[in-house]
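Inspection log for the structure reproduced underneath, given as structure tokens.
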Amino acid sequence: MPEILGSLIFAAFTLPVGVLLLVVGVNGVFGYLWGGERDDPFRWPLVDAEVIGHAADPDQDTRRVWPDHGTYVGQVNVRVLVRLPGPGEPHGALVQPGDLRAVRVRRPDAPGFYALSDALDGLAEQEAALRWPVGRVLTVRADPLRRTNGRRLGGLLLTQAQLPGSARIKWLLVPAMLVFTLVGLVLTVVGAGLLISAARGAWTAVFG
């Protein structure tokens, strides 16, 4: 009986993880190779989007504070909020130019962790506004289907977009998706095998 329980626990972990990796891998491979403009972000149309705001990355792990030449400095990731052109309901997107991936600012005085985080975000967003001011036009690749999770920011319905990147990145992602597919297939087969084995063992134990 303990062996059956162990198999069930292991199967409960490997089977869903395997299916998830398999789905992500297969969708990624087909999307990047045969998805066309619909599912391949590197083929999305280029549009001119207007910068309307700035937002620090909400993930606490993206903030760093450390001493530099006797002065404490902070580092924050910041994204640019852009308005996408097109008819219908106003859409926007959050994109991150390379020079906003690690905005460094002087550490402010703040009473506590959360106050420090908010102060760092504010200073980083001010710095981002100097580099990418509101009203500046930024060329992005935007999802032609305007897929969204329903989130809104600055009065805009957020959708998917990204900055134009090198096509070589795509050919790094395709092998990664193939690895996801292979690992997912192996875990799915192992998990299904363990589940079937545990079910047979339980049937034998109960019904002889």
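The values are calculated or read from the model by the stated rules, or taken from the named source; none is laboratory data. Source: prediction; values computed, not measured. Ideal geometry is used to build each Cβ from the backbone, glycine not excepted, and the neighbour counts take in all protein chains shown. Each accessible area value is taken on the protein alone, full model and side chains, heavy atoms only, with ligands, DNA and RNA left out. Shrake-Rupley method; radii C 1.70, N 1.55, O 1.52, S 1.80 Å.
Among the listed residues 141, 131, 101, 146, identify the single one that is open to solvent by 60 Å² or more (accessible area, probe 1.4 Å), touching a strand residue (DSSP E or B) at 6+ places or on another chain (Cβ under 8 Å) and either in contact (Cβ under 8 Å) with a residue 60 or more places away in the chain or not β-branched (Val, Ile, Thr) (or both).
Details: 141 fails: open to solvent by 60 Å² or more (accessible area, probe 1.4 Å); 131 fails: touching a strand residue (DSSP E or B) at 6+ places or on another chain (Cβ under 8 Å); 101 fails: touching a strand residue (DSSP E or B) at 6+ places or on another chain (Cβ under 8 Å).
Within the list 141, 131, 101, 146, the selection yields 146.
Using the structure shown, decide if residue 198 is of a type outside the set (Phe, Trp, Tyr) and assigned to a helix (DSSP H, G or I). Walk me through how you get there before you give the answer.
Working: of a type outside the set (Phe, Trp, Tyr): yes; assigned to a helix (DSSP H, G or I): yes.
Criteria met by residue 198.
Is there a residue in the range 116-135 that is in a helix (DSSP H, G or I), out of contact with any Leu (no Cβ under 9 Å at 6 or more places or on another chain) and hydroxyl-bearing (Ser, Thr, Tyr)? It would help to see each step written out before you state the result.
Our first condition is that a residue be in a helix (DSSP H, G or I); within the range 116-135, this holds for 116-131.
Pick out the ones that are also out of contact with any Leu (no Cβ under 9 Å at 6 or more places or on another chain) and you get 116-123, 125-126, 129-130.
From what is left, the residues that are hydroxyl-bearing (Ser, Thr, Tyr) are 117.
Yes, some residue in the range 116-135 is in a helix (DSSP H, G or I), out of contact with any Leu (no Cβ under 9 Å at 6 or more places or on another chain) and hydroxyl-bearing (Ser, Thr, Tyr).
Scanning the range 61-81 for residues that are modelled with pLDDT of 75 or more and not in a loop (DSSP other than H, G, I, E, B), which turns out surrounded by the fewest Cβ atoms within 10 Å (Cβ to Cβ)? Even if it seems obvious, please write down each step before you answer.
Keep residues of the range 61-81 that are modelled with pLDDT of 75 or more, which gives 73-81.
Subsequent filtering for residues that are not in a loop (DSSP other than H, G, I, E, B) retains 73-76, 78-81.
Details: 73: 15, 74: 21, 75: 17, 76: 25, 78: 26, 79: 21, 80: 25, 81: 20.
Among those residues, the one meeting the criterion is 73.
Every residue in the range 82-110 that is in a strand (DSSP E or B) and either β-branched (Val, Ile, Thr) or over 22 Å from residue 46 (Cβ atoms) (or both), please.
Of the range 82-110, the ones in a strand (DSSP E or B) are 82-84, 91-95, 103-106.
Residues satisfying the conditions are 82, 95, 103, 104, 105, 106.
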